[in-house]
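Asker: Could you have a look at this structure, given as structure tokens, before my questions?
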Amino acid sequence: MPDSQPWQPDDHAADAAGAAGGPDTAAPAGLVLCGARLTDGRVVDVRLGGGRIEAVGTAGSLAAPGPRLDLRGYLLLPAPAEPHAHSDTALTADDAGPGIPGPASHRPEDIRRRATEAALLQLGHGATALRSHVRIGDVQGLAPLEAVLQARRSLRGLADLTPVAVPRLLTGVAGAGNLAMLREAVKMGAGAVGGCPDLDPDPAGYAEAVLEVAAEQGCPVDLHTDSDDPARLGRLAAMAGGLRTGVSLGPCAGLSRLPPQAAARAADQLAAAGVTVICLPQGGCCGVEGRGTAPVRLLRSAGVRVAAGSGALRDLANPVGRGDPLEAAYLLASQHGLPAAEAYEAVSSAARTAMGLPGVRVEAGFPAELLAVRGEQLPGVLSLACSRVVVHRGRVVARTSAVREYCDSETVVALGLPRQGGTDSGSCGGP
């Protein structure tokens with residue numbers, strides 16, 4: 001990771017408990033985030049403890065004997081989550097050298113390193129929880145899943161990584177072995193089952209097999225589908241409606257290519273079945289061939305829960321993928337006309353709900369999964385979010401600091417143009 005490095009906190013007391021108790025230990029009781037601005041305009045102090053938000057009060061009102069972090073000039077938000085990543089193929093676009101794309105290495109040690117590095121990159125953007133689709137079967141068997149599970153263990157205390165087991169075929173003679181492997185993947189630790197029905201000779205049979213395994217094992221379903229066949233999508237929605245553990249579909253870009261009436265009917269069917277659609281505003285992924293983005297406003301108006309993910313992260317499907325949830329929210333606002341608050345909801349609360357995670361609000365009692373971004377209002381933050389502070393389980397786990405300076409000229413001085421940089425730390429340690 002040439003552009004990243006281990007971070008040593010300014011206030012060593014903030015990480016003392018973590019160092020003593022191992023990587024899964026939360027921040028010490030009494031960590032206070034000072035002077036942060038909320039989306040409703042209030043400027044507050046937030047006290048964290050035991051991995052949760054203990055109290056929220058007006059700036060300067062919360063006293064605690066522990067460390068304090070100055071967040072003046074920052075907007076404090078619930079941390080985003082990444083509901084659709086591909087850790088096993090991430091960062092492989094340049095594997096064969098510049099301009100010579102080639103197959104990604106399937107060696108377990110390479111997959112583990114890529115999965116770890118990709119998760120850390122996305123953590124730096126603010127995603128404290130990630131769901132990653134991992135291919136199983138073929139000649140690699142379950143080795144890629146085991147490599148991602150190892151990455152998950154090494155990331156404990158920094159980010160939560162949940163693998164989704166993704167077989168290629170599940171029907172006929174060729175799919176029998178993969179079906180058994182899918183069940184084994186859940187026993188190994190896969191948090192969900194998925195796959196791409198569109199690539200199987202029997203898409204309906206594939207979806208039925210995945211849903212059957214999910215019902216047996218009590219785990220959620222996350223399927224890749226372009227959703228360009230209304231009849232097939234209707235059958236899938238009907239089958240998914242009875243699964244209590246939850247069903248997500250994505251990226252569903254094919255819905256945008258359907259006639260308006262057909263797309264509206266499909267949206268109503270998905271809403272009735274309680275299916276979540278995970279769109280990919282930043283581009284496609286290796287699971288489907290179609291490009292584009294699902295009709296977000298149509299789906300939302302029909303009552304479908306819509307979350308947004310990043311998809312491919314610098315692999316052959318999207319060599320320039322950034323894996324940044326704030327960019328996904330920016331695109332939902334700028335390209336699809338969602339208000340900034342709704343766009344951010346798609347990468348935060350809606351994404352967390354799709355992943356089966358508890359909700360987060362900047363209120364007492366909620367999990368301390370937070371993102372502080374330099375800025376004053378959400379639209380400005382989505383437009384240009386450079387400096388970020390990421391909190392996971394009540395502990396600062398990542399920081400990105402950007403400084404913007406202008407040359408010394410009369411124009412800059414006269415207009416008082418803003419700089420993106422640090423503020424005086426005052427009584428709190430600055431980020």
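The values are calculated or read from the model by the stated rules, or taken from the named source; none is laboratory data. Everything numeric in this text was worked out from a predicted model, so none of it was measured. A quick note on method: Cβ atoms are made from the backbone with ideal geometry, for glycine too, and the neighbour counts reach across all protein chains shown. For accessibility, only protein heavy atoms count, side chains too; no ligands or nucleic acids. Shrake-Rupley method; radii C 1.70, N 1.55, O 1.52, S 1.80 Å.
Asker: From the residues in segment 27-42 that are at pLDDT below 95 and assigned to a loop (DSSP other than H, G, I, E, B), which one is most open to solvent (accessible area, probe 1.4 Å)?
Answerer: Per the criteria, the residue is 29.
Asker: Being surrounded by fewer than 23 Cβ atoms within 10 Å (Cβ to Cβ) and touching a His at 6+ places or on another chain (Cβ under 6 Å) is the filter here, so list the residues in segment 124-147 that pass it.
Answerer: 140
Asker: Could you check how many residues of segment 222-254 are within 24 Å of the chain's Cα centre (by Cα), assigned to a loop (DSSP other than H, G, I, E, B), closer than 11 Å to residue 273 by Cα and without any contact (Cβ under 8 Å) to a residue 60 or more places away in the chain?
Answerer: 2
Asker: Would you say residue 277 is under 20 Å from residue 356 (Cβ atoms), modelled with pLDDT of 95 or more and not charged (D, E, K, R)?
Answerer: yes
Asker: Could you tell me whether any residue of segment 120-131 is free of Cβ contacts under 8 Å to residues at least 24 places away in the same chain and closer than 28 Å to residue 307 by Cα? Break it down into steps so the answer makes sense when it comes.
Answerer: Restricting attention to segment 120-131, the residues satisfying the condition of being free of Cβ contacts under 8 Å to residues at least 24 places away in the same chain are none.
The answer is no, given that none of the residues of segment 120-131 is free of Cβ contacts under 8 Å to residues at least 24 places away in the same chain and closer than 28 Å to residue 307 by Cα.
Asker: Just one of 263, 209, 190 is at pLDDT 95 or above, assigned to a loop (DSSP other than H, G, I, E, B) and small (Gly, Ala, Ser); which is it?
Answerer: 190
Asker: Give just the number: which of (1) buried (at least 24 other Cβ atoms within 10 Å of the Cβ); (2) closer than 18 Å to residue 82 by Cβ does residue 368 not satisfy?
Answerer: Condition (2) is where residue 368 drops out.
Yes/no matrix, rows are residues, columns are (1) modelled with pLDDT under 95; (2) among the small types (Gly, Ala, Ser); (3) out of contact with any helix residue (DSSP H, G or I) (no Cβ under 7 Å at 6 or more places or on another chain):
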{"site": "362", "(1), (2), (3)": "no, no, yes"}
{"site": "378", "(1), (2), (3)": "no, no, no"}
{"site": "384", "(1), (2), (3)": "yes, no, yes"}
{"site": "393", "(1), (2), (3)": "no, no, yes"}
{"site": "401", "(1), (2), (3)": "yes, yes, yes"}
{"site": "406", "(1), (2), (3)": "yes, no, no"}
{"site": "410", "(1), (2), (3)": "yes, no, yes"}
{"site": "414", "(1), (2), (3)": "yes, yes, yes"}
{"site": "429", "(1), (2), (3)": "yes, yes, yes"}
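Asker: Here's a follow-up. Of all residues in segment 44-71, how many are surrounded by fewer than 19 Cβ atoms within 10 Å (Cβ to Cβ) and of a type outside the set (Val, Ile, Thr)? I'd like the intermediate steps shown before the answer.
Answerer: Filtering segment 44-71 for residues surrounded by fewer than 19 Cβ atoms within 10 Å (Cβ to Cβ) gives 50-52, 55, 57-61, 63-66.
Remaining after also requiring of a type outside the set (Val, Ile, Thr): 50-52, 55, 57, 59-61, 63-66.
Residues meeting the conditions: 12.
Asker: Pull up segment 212-221, narrow it to residues that are in contact with a strand residue (DSSP E or B) (Cβ under 7 Å, 6 or more places away or on another chain) and not in a helix (DSSP H, G or I), then point me to the one that is farthest from residue 241 (Cα to Cα). Break it down into steps so the answer makes sense when it comes.
Answerer: So the first thing to find is which residues in segment 212-221 are in contact with a strand residue (DSSP E or B) (Cβ under 7 Å, 6 or more places away or on another chain), and the list is 213-214, 219-221.
Next, from what is left, pick out any that are not in a helix (DSSP H, G or I): 219-221.
Working: 219: 15, 220: 12, 221: 12 Å.
Step by step, filter segment 212-221, then rank; the result is 219.
Asker: Something else now. Please specify each residue of segment 295-318 satisfying the condition of being open to solvent by 20 Å² or more (accessible area, probe 1.4 Å) and not hydrophobic (A, V, I, L, M, F, W, C).
Answerer: Passing the criteria: 295, 297, 300, 301, 303, 305, 314.
Asker: Could you tell me whether segment 6-16 includes any residue that is under 29 Å from residue 375 (Cα atoms), open to solvent by less than 60 Å² (accessible area, probe 1.4 Å), modelled with pLDDT under 65 and in contact with a helix residue (DSSP H, G or I) (Cβ under 6 Å, 6 or more places away or on another chain)?
Answerer: Looking through segment 6-16, at least one residue is under 29 Å from residue 375 (Cα atoms), open to solvent by less than 60 Å² (accessible area, probe 1.4 Å), modelled with pLDDT under 65 and in contact with a helix residue (DSSP H, G or I) (Cβ under 6 Å, 6 or more places away or on another chain).
Asker: Of the residues in segment 188-199, how many are open to solvent by less than 10 Å² (accessible area, probe 1.4 Å) and over 16 Å from residue 247 (Cα atoms)?
Answerer: Residues meeting the conditions: 0.
Asker: Within segment 152-165, can you find the residues that are open to solvent by less than 10 Å² (accessible area, probe 1.4 Å) and under 23 Å from residue 394 (Cβ atoms)?
Answerer: 155, 157, 159, 161
Asker: Moving to a separate point now. What's the total number of residues in segment 319-359 that are more than 17 Å from the chain's Cα centre (by Cα), crowded, with 19+ Cβ neighbours inside 10 Å and in contact (Cβ under 8 Å) with a residue 60 or more places away in the chain?
Answerer: Total satisfying the criteria: 0.
Results for (1) farther than 19 Å from residue 360 by Cβ; (2) modelled with pLDDT of 90 or more; (3) in contact with a His (Cβ under 9 Å, 6 or more places away or on another chain); (4) not in a strand (DSSP E or B), shown as yes or no for each residue.
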{"position": "44", "(1), (2), (3), (4)": "no, yes, no, no"}
{"position": "48", "(1), (2), (3), (4)": "no, yes, no, no"}
{"position": "56", "(1), (2), (3), (4)": "no, yes, no, no"}
{"position": "77", "(1), (2), (3), (4)": "no, yes, no, no"}
{"position": "91", "(1), (2), (3), (4)": "yes, yes, no, yes"}
{"position": "94", "(1), (2), (3), (4)": "yes, no, no, yes"}
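Asker: While we're looking at this one, here's another question. Scan segment 166-187 for residues that are assigned to a helix (DSSP H, G or I) and either buried (at least 24 other Cβ atoms within 10 Å of the Cβ) or under 28 Å from the mean Cα position of the chain (by Cα) (or both) and jot them down.
Answerer: Matches in segment 166-187: 178, 179, 181, 182, 183, 184, 185, 186, 187.
For every residue, the table says whether it meets (1) of a type in the set (Phe, Trp, Tyr); (2) on the phi > 0 side of the Ramachandran plot; (3) surrounded by 16 or more Cβ atoms within 10 Å (Cβ to Cβ).
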residue	(1), (2), (3)
227	no, yes, yes
236	no, no, yes
242	no, no, no
248	no, no, yes
253	no, no, yes
258	no, no, yes
